[in-house]
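Bear in mind these aren't lab numbers, they're just calculated from the coordinates by the rules spelled out. The shown structure was predicted, so the numbers you read here are calculated from the model rather than taken from an experiment. Quick reminder, even Gly has a Cβ in these numbers, built from the backbone with ideal geometry, and neighbours come from all protein chains shown.
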């Protein structure tokens, strides 16, 4: 889980230290999640050996981590390319436009279409599209869609 800072450095920091780095609401969850890994309560290596559903259950036990964050982690960190099983409201709007050229399509319909089109690789296309459309930042460059 060492993406930016060594886990021990995060564990040694206070929540206020993390907020000073402008982590916003993430500061509240980052410290307890990091502590879980540093203390050995959660074993990243063991999670890597689990199948998709078992890994999902373990990650959902982490403080402040919900289905969308678990999905991103399963894809980005644990390489489960079929982990796209929930969709956040902001992604729902993007996928609605991308797949159906409509403002808002029900999440279940979007997930079914993504599964149909990309099967076990279903996390790749959406993640790639979001990166490209955000200039690699993960954030949209514009607030609207261009026709």
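Before moving on, here are some points about what is shown:
- Computed label-point distance, nm, for sites residue 82 and residue 9 using a 7 Å Cα→Cβ extension: 3.8
- For the chain, a Gaussian network of Cα nodes joined below 10 Å ranks 41, 76, 113 by mean-square fluctuation, and the top entry is 41.
- With respect to the chain, whose longest principal axis is taken over its alpha-carbon atoms, helix 26-38 is tilted by about 60°.
- Rounded, prolate or oblate (a/c below 1.5 giving rounded, otherwise prolate when a/b exceeds b/c) for the stretch 89-133 by Cα gyration tensor: oblate
- Helix content alone sets the calculated 222 nm mean residue ellipticity of the chain: runs of n ≥ 4 DSSP H residues at -39500 (n - 2.57) each, divided across all residues, give -16500 deg cm²/dmol.
- Taking the longest Cα principal axis of the chain as reference, the axis of helix 107-118 is set at about 80 degrees.
- Footprinting exposure proxy ranking of 75, 100, 84, fewest other C-beta atoms within 10 angstrom first, gives 100, 75, 84.
- If the segment from residue 46 to residue 92 were pulled out straight at 0.36 nm per residue, it would be longer than the present Cα-Cα gap by 13.3 nm.
- Taking a ≥ b ≥ c as the square roots of the eigenvalues of the Cα gyration tensor, the stretch 1-121 is oblate, since a/c reaches 1.5 or more and a/b is not larger than b/c.
- For the stretch 56-105: rounded, prolate or oblate by the Cα gyration tensor [a/c cutoff 1.5]: prolate
- For the chain, the longest principal axis of the alpha carbon atoms and the long axis of helix 123-133 meet at an angle near 80°.
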